[in-house]
Amino acid sequence: MKIISIFSKGLRLFVLVMLFLACTGPLLTSPAMAEDAKLTDIVVTNTRDHLLLYFTVTDCFTEDMKKAIDNGVNTTFTFFVNLNEVRNWWWDKKIADLKVSHEIKYDSLKKVYKVRLSSQDEKVALAKDFDQAKRLMAEIVGLKVTELRNLHRGNRYQINMMAELDTIKLPFYFHYVFFFLSLWDFETDWYSVDFRY
């Protein structure tokens, strides 16, 4: 009798889990996911002293993400940039390996979006509307990749970059309700620009 009782409890649990998955299946394929995010408007240039990088992440926000941000969910974009000297008869030489982030938080009392930009010395920019906040989050503007003294005239270089949306961190008691928010995670492909200094 005990074996049958344990088996029937296990069977009931299995059936409940299967029903739960069947009901939440549409959520897993919902348009809550960001489209294929990509990098555009990539520009590599320099000042007198530094190599600079500019680019924009497109197709990285959804309406559901905006609603969650408006309800207090912090969101972080992380950008990875590396610079290598391309060498024909040897392994490429790493010149720079950077990781910077942009974090957005909505202040519901002041009705402004606060965007912290580690790519600009931890500057905190305030945006009154979401379109402006999106631009701040998605643009890398004049990122100092390396000092020009680290480059050698006539040599070939390759700069690689990509962006990702960090896993959204929610208070513990929300995890079971918003587990599908992990579908927001995106990661762009790596993009490369070759140039000769």
The one condition in (1) farther than 24 Å from Asp189 by Cα; (2) touching a residue at least 60 places away in the same chain (Cβ under 8 Å) that Asn84 fails to fulfil: (1)
Assess whether Lys9 counts as being within 22 Å of Leu165 (Cα to Cα), assigned to a helix (DSSP H, G or I) and at pLDDT below 95. no
If you go through Ala133, Ala127, the only one that is surrounded by 18 or more Cβ atoms within 10 Å (Cβ to Cβ), in the same structural domain as Lys38 (by TED's automatic domain parsing), more than 24 Å from Thr188 (Cα to Cα) and more than 12 Å from the chain's Cα centre (by Cα) is Ala127
The condition of being modelled with pLDDT under 90 and of a type in the set (Ser, Thr, Tyr) holds, among Thr75, Thr56, Thr45, only for Thr75
Would you please list the contacts, defined by Cβ atoms under 8 Å and residues six or more apart or on different chains, that run from a residue in the stretch 47-59 that is on the phi < 0 side of the Ramachandran plot to a residue that is at pLDDT below 95 and in a loop (DSSP other than H, G, I, E, B)? Val57/Ala37; Val57/Thr188; Thr58/Ala37
Would you say His102 is in the same structural domain as Gln158 (by TED's automatic domain parsing), of a type outside the set (A, V, I, L, M, F, W, C), within 16 Å of Glu187 (Cα to Cα) and modelled with pLDDT of 85 or more? yes
Is there a residue in the stretch 43-54 that is aliphatic (A, V, I, L, M), in contact with a Lys or Arg (Cβ under 9 Å, 6 or more places away or on another chain), surrounded by 15 or more Cβ atoms within 10 Å (Cβ to Cβ) and part of a helix (DSSP H, G or I)? no
Go through the stretch 108-124 and give me each residue that's closer than 16 Å to Asp70 by Cα, within 19 Å of the chain's Cα centre (by Cα) and hydroxyl-bearing (Ser, Thr, Tyr). Tyr113
Sort out which residues of the stretch 136-156 are part of a strand (DSSP E or B) and within 18 Å of the chain's Cα centre (by Cα), and write them in order of number. Glu139, Ile140, Val141, Leu143
By residue number, the members of the stretch 136-166 that are within 14 Å of Ile104 (Cβ to Cβ) and surrounded by fewer than 17 Cβ atoms within 10 Å (Cβ to Cβ) are Glu139, Asp166
Test Leu136 against the stated conditions and say whether it is farther than 18 Å from Val57 by Cα and not charged (D, E, K, R). no
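The values are calculated or read from the model by the stated rules, or taken from the named source; none is laboratory data. Bear in mind the structure is a predicted one, so any value in this text is a computation, not a measurement. Quick reminder, even Gly has a Cβ in these numbers, built from the backbone with ideal geometry, and neighbours come from all protein chains shown.
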